[in-house]
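K.L.:
First the structure, which I've put down as structure tokens, then a few questions once you've had a look.
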Amino acid sequence: MSSWGYKEYVPASVKKARAAKSIEKLRKKNPNLAPIQITGRKLAKTWWGIAWNENLERYADYANRIDRGRTYVRQGSVLDLQIEPGRVTAQVQGTRLTPYKVELTIMPLKPTTWQKVVDACTGSINSLQDLISGKFPKNLAELFTAKGDGLFPTPKEIRLSCSCPDWATMCKHVAAALYGVGARLDEDPTLFFRLRQVNMDDLITNALGQTTDTLLQRSQKKSRRALDHADLSGL
């Protein structure tokens, strides 16, 4: 803090070094520490990570404030981020030495919405790998990301909390944690379904099960045609 009451400018390199030092210190107490590390220019690179960020940015409640977290997450200030069913916890390095604690509570996905998605996936997803890598038809992508009626949460379904003294609900530390979720989904998209408290296997089991049934029905019809042909040959 300067003598005029303004915060002194701290170079990004210094902030990164401070964050790295904090991570090293925290890891001694918690070997399972999971910091968010952004490499390259993009905050997210996979379909699930990008879709998470875009969902947040398209809501007016968040669009004007979430950018506050971009710099923080790029500087490695999210020292730890854990995703659990309906909950994200994070430690974010701020101006003080002790990191702030962030908690994001997310409501479960509505059963009706989930069933609609499960039904739509029938015969449209070939494997688990296709699902987590974002390789599915455009109509499914549009359904997954439907505003207010898809898989991704609305601001009303997210409760934000941070231990910092900032009066704003969406402080820099919360915003950084939200972007951190997108980066974590890059590493493991299956965490999205864990967060929204739905069983990802429902999509695959139903889709592949229906496909198998369809193939069996087709094979039975083919066998019946072959038998009919054999009967005619005998006559």
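K.L.:
If you check THR145 against the conditions, is it touching a residue at least 60 places away in the same chain (Cβ under 8 Å), closer than 27 Å to GLY40 by Cα, loosely packed, with under 14 Cβ neighbours inside 10 Å and β-branched (Val, Ile, Thr)?
P.N.:
It is false that THR145 is touching a residue at least 60 places away in the same chain (Cβ under 8 Å), closer than 27 Å to GLY40 by Cα, loosely packed, with under 14 Cβ neighbours inside 10 Å and β-branched (Val, Ile, Thr).
K.L.:
In segment 63-73, what count of residues is obtained for those that are open to solvent by 10 Å² or more (accessible area, probe 1.4 Å) and in a loop (DSSP other than H, G, I, E, B)?
P.N.:
Qualifying residue count for the region: 3.
K.L.:
Still on this model: Could you please tell me which pairs satisfy a Cβ distance under 6 Å, a separation of 6+ or placement on different chains, a first residue in segment 110-126 that is open to solvent by 30 Å² or more (accessible area, probe 1.4 Å), and a second residue that is modelled with pLDDT of 90 or more and aliphatic (A, V, I, L, M)?
P.N.:
ALA120/LEU143; SER124/LEU140
K.L.:
I need a count of the residues in segment 185-200 that are open to solvent by 20 Å² or more (accessible area, probe 1.4 Å) and at negative phi.
P.N.:
Within segment 185-200, residues that are open to solvent by 20 Å² or more (accessible area, probe 1.4 Å) and at negative phi number 9.
K.L.:
Condition first: open to solvent by 30 Å² or more (accessible area, probe 1.4 Å) and either over 15 Å from LEU104 (Cβ atoms) or under 9 Å from the mean Cα position of the chain (by Cα) (or both). Now tell me which residues in segment 157-184 satisfy that.
P.N.:
Those that are open to solvent by 30 Å² or more (accessible area, probe 1.4 Å) and either over 15 Å from LEU104 (Cβ atoms) or under 9 Å from the mean Cα position of the chain (by Cα) (or both): PRO165, ASP166, TRP167.
K.L.:
Would a scan of segment 52-62 turn up a residue that is in contact with a Leu (Cβ under 8 Å, 6 or more places away or on another chain), assigned to a loop (DSSP other than H, G, I, E, B) and either among the β-branched types (Val, Ile, Thr) or in contact (Cβ under 8 Å) with a residue 40 or more places away in the chain (or both)?
P.N.:
No, the conditions are met nowhere in segment 52-62.
K.L.:
Can you spot a residue in segment 87-101 that is aromatic (Phe, Trp, Tyr), over 16 Å from the mean Cα position of the chain (by Cα), assigned to a loop (DSSP other than H, G, I, E, B) and surrounded by 14 or more Cβ atoms within 10 Å (Cβ to Cβ)?
P.N.:
no
K.L.:
May I pose another question? Taking the condition loosely packed, with under 14 Cβ neighbours inside 10 Å and more than 30 Å from ARG27 (Cα to Cα), does PRO153 pass?
P.N.:
no
K.L.:
Confirm whether GLY76 is surrounded by fewer than 16 Cβ atoms within 10 Å (Cβ to Cβ) and part of a loop (DSSP other than H, G, I, E, B).
P.N.:
no
K.L.:
How many residues does segment 131-175 hold that are hydrophobic (A, V, I, L, M, F, W, C), in a helix (DSSP H, G or I) and farther than 15 Å from ILE50 by Cα?
P.N.:
Selection size over segment 131-175: 4.
The values are calculated or read from the model by the stated rules, or taken from the named source; none is laboratory data. Please read all numbers here as calculations on a predicted model, not as lab measurements. Glycine also receives a Cβ, built like all others from the backbone with ideal geometry; neighbour counts cover every protein chain displayed. Surface accessibility is based on the protein's heavy atoms, side chains included, excluding ligands, DNA and RNA. Shrake-Rupley method; radii C 1.70, N 1.55, O 1.52, S 1.80 Å.
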